[in-house]
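What follows is a set of notes on a single structure, which appears directly below.
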Amino acid sequence: EPEVTQTPSHQVTQMGQEVILRCVPISNHLYFYWYRQILGQKVEFLVSFYNNEISEKSEIFDDQFSVERPDGSNFTLKIRSTKLEDSAMYFCASSGQGSAGEQYFGPGTRLTVT
Amino acid sequence: AQSVTQPDIHITVSEGASLELRCNYSYGATPYLFWYVQSPGQGLQLLLKYFSGDTLVQGIKGFEAEFKRSQSSFNLRKPSVHWSDAAEYFCAVGAGYSSASKIIFGSGTRLSIRP
């Protein structure tokens, strides 16, 4: 069964450093998303992406964040200058055309900012 | 704005007992509704979904959920829980009808199983 994969599973970085989280969505999917979950809290939407541009972004997704689909398979989330409060689990998700919101989630990347 | 409320933060049930996890949503039209499960340190797995039609939907692992429009609820049920069901359960609503619509999650209910 096809699945969404994410790398790395755990990333530790120092405050102020740039990080790139990588995702490989399901191959025939067209819609891509990033969510995050701060420890002990709910899963929050960050951004959706379709046709090589952002469809929607949340208030969390400020200028420190960016997304990119650099090739036909990867979908990345970049945080330019990490802050302590960026420590969270980051989930990538994808959905297909006409899926009416049924999104498939990856296993997540745990980001720890020290 | 759309929102999801899961009133129970933590529930403990005995193995073999029945389970019902509550979920209420706020949405202006017929919503797309989901239940996801998250085991410790793991990602989100879709248990079941409701888009339209029969209001009682069956999911994986023996779970089912019933959409009740009059109560704005989508409660998750299982007739007999197993120790492996211990996890965090999230109710969620699709924020629109297009494929690009985000999902809005509730705050989750942590399920513990008593041996």
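Among the residues of the range B:75-85, is there at least one that is facing another protein chain (nearest Cβ under 8 Å), touching a residue at least 40 places away in the same chain (Cβ under 8 Å) and among the aromatic types (F, W, Y)? Looking through the range B:75-85, none of the residues is facing another protein chain (nearest Cβ under 8 Å), touching a residue at least 40 places away in the same chain (Cβ under 8 Å) and among the aromatic types (F, W, Y). Of all residues in the range B:52-67 being under 18 Å from B:Y25 (Cα atoms) and under 13 Å from the mean Cα position of the chain (by Cα), which is surrounded by the fewest Cβ atoms within 10 Å (Cβ to Cβ)? Restricting to residues being under 18 Å from B:Y25 (Cα atoms) and under 13 Å from the mean Cα position of the chain (by Cα), the top hit is B:L56. Quickly run through the range A:20-56 and pick out the residues that are at pLDDT 95 or above and basic (K, R). Correct list: A:R22, A:R36.
Yes/no per residue for (1) among the acidic types (D, E); (2) closer than 23 Å to B:W35 by Cα; (3) within 14 Å of chain B (Cβ to nearest Cβ); (4) without any contact (Cβ under 8 Å) to a residue 12 or more places away in the chain:
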site: A:T13; (1), (2), (3), (4): no, no, no, no
site: A:Y35; (1), (2), (3), (4): no, yes, yes, no
site: A:F45; (1), (2), (3), (4): no, yes, yes, no
site: A:D62; (1), (2), (3), (4): yes, no, no, yes
site: A:E102; (1), (2), (3), (4): yes, yes, yes, yes
site: A:T112; (1), (2), (3), (4): no, no, yes, no
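The listed residues are A:S87, A:S94, and the only one of them that is within 30 Å of B:S52 (Cα to Cα), at pLDDT 90 or above and of a type in the set (S, T, Y) turns out to be A:S94. Among the numbered conditions (1) at pLDDT below 95; (2) crowded, with 17+ Cβ neighbours inside 10 Å, the only one that A:D71 does not meet is (2). Please go through the range B:1-20 and pick out each residue that is acidic (D, E) and either touching a Leu at 6+ places or on another chain (Cβ under 8 Å) or closer than 16 Å to B:W35 by Cβ (or both). Within the range B:1-20, B:D8, B:E20 meet the criteria.
Suppose we keep only residues that are assigned to a loop (DSSP other than H, G, I, E, B) and polar (S, T, N, Q) within the range B:1-47. Which one would you say is surrounded by the most Cβ atoms within 10 Å (Cβ to Cβ)? By that ranking, first place goes to B:Q6.
Yes or no: A:S94 in contact (Cβ under 8 Å) with a residue 24 or more places away in the chain, over 20 Å from A:Q41 (Cα atoms) and outside any loop (DSSP other than H, G, I, E, B)? Can you show your working first?
Working: in contact (Cβ under 8 Å) with a residue 24 or more places away in the chain: yes; over 20 Å from A:Q41 (Cα atoms): yes; outside any loop (DSSP other than H, G, I, E, B): yes.
In short, yes.
Per this entry, A:I26 is counted among residues that are more than 9 Å from chain B (Cβ to nearest Cβ) and touching a Phe, Trp or Tyr at 6+ places or on another chain (Cβ under 7 Å). Please go through the range A:20-48 and give me each residue that is outside any strand (DSSP E or B), hydrophobic (A, V, I, L, M, F, W, C) and within 21 Å of B:G106 (Cα to Cα), ordered by number. Across the range A:20-48, the qualifying residues are A:I38, A:L39. The listed residues are B:S101, B:S52, and the only one of them that is part of a loop (DSSP other than H, G, I, E, B), polar (S, T, N, Q) and in contact with a strand residue (DSSP E or B) (Cβ under 6 Å, 6 or more places away or on another chain) turns out to be B:S101. Of the residues B:R114, B:R110, the single one that is within 14 Å of chain A (Cβ to nearest Cβ) and of a type in the set (K, R) is B:R110.
Only one residue in A:E85, A:E56 is of a type in the set (D, E) and not in a strand (DSSP E or B), so which one is that? Full working, then the answer.
Values: A:E56 fails: not in a strand (DSSP E or B).
A:E85 is the lone residue from the list that is of a type in the set (D, E) and not in a strand (DSSP E or B).
Conditions tested, residue by residue: (1) over 13 Å from the mean Cα position of the chain (by Cα); (2) farther than 20 Å from B:Y32 by Cα; (3) of a type in the set (A, V, I, L, M, F, W, C); (4) surrounded by fewer than 16 Cβ atoms within 10 Å (Cβ to Cβ).
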{"position": "A:Q6", "(1), (2), (3), (4)": "no, yes, no, no"}
{"position": "A:Q11", "(1), (2), (3), (4)": "yes, yes, no, no"}
{"position": "A:Q17", "(1), (2), (3), (4)": "yes, yes, no, yes"}
{"position": "A:S27", "(1), (2), (3), (4)": "yes, yes, no, yes"}
{"position": "A:Y35", "(1), (2), (3), (4)": "no, no, no, no"}
{"position": "A:L39", "(1), (2), (3), (4)": "yes, yes, yes, yes"}
{"position": "A:F91", "(1), (2), (3), (4)": "no, yes, yes, no"}
{"position": "A:E102", "(1), (2), (3), (4)": "yes, no, no, no"}
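The values are calculated or read from the model by the stated rules, or taken from the named source; none is laboratory data. Because the structure is a prediction, the values reported are computed rather than measured. Neighbour counts are summed over all protein chains in view; Cβ atoms, including those assigned to glycine, are modelled from backbone coordinates with ideal geometry.
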